[in-house]
Every structure is written in structure tokens, then in C-alpha cells.
1. Sorted by mean Cβ packing within 10 Å, highest first, what order do the peptides 14-20, 30-36 take?
2. So how many Å³ per residue does the convex hull of the Cα atoms of the stretch 1-63 work out to?
Amino acid sequence: MTSFSPGIWLLLGGIAATCALACLRTLAYTVRNETIVHKLNARAARLRIDHIRALRALQEGEEVEVYGEDDIEFVDPDKPHEGAKAAA
């Protein structure tokens, strides 16, 4: 069996801890991104349903609630996370 000095064990422990933290960080980013995508998909589905209901109501000649620019939150392509925070 090979024996290492305490300094080498400390170095190997530091490398292992750094790798573990990197894996946890990657997992956290993945979960966060999937959550943002899920919320955006849910919002898109809700808007799609509202649009279909509005079209059917127009065909039947009923009053329709129409979304205006004040109701829709626009997302800056350069800062997509800001739009996701506002939608949450």
C-alpha cells in the first residue's frame, strides 16, 4: 500500500470537496433552469387556453376580455432571468 504524507491527503481532500461542490452547483443550476422553463410553459399554456376561449366567445358574439400591453410582461432577451423573476 502506498502511504501519502498529510499534505497530499489534504490536497486530495480539497480536490474531492471542490468536485463535490461543483456537482452540487451544477445540479442547482439545472433545477433552477428547469423550474423557469416549467413556469414559462405553464404561462404559455394558460395564455393559449385564454386565446382559444376568446376566439370561441367572439364566434358566439359574446363579450371578450382582451389582454393589453399592461397585462403582458415582456422579457428582455439580454436579461431573461429578470423576466422569470417577475413572472414568479
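Taken together, the values in this text are just the output of simple stated rules run on the coordinates, not laboratory data. Nothing here was measured: the structure is a model prediction, and the numbers come from that model. All Cβ positions, glycine included, derive from the backbone under ideal geometry; neighbour counts span all protein chains shown.
1. Details: 14-20: 10.0, 30-36: 11.9.
Ranked by mean Cβ neighbours within 10 Å, highest first: 30-36, 14-20.
2. Working: hull volume 3.8 nm³, N = 63.
Per-residue hull volume (Cα only) is 61 Å³.
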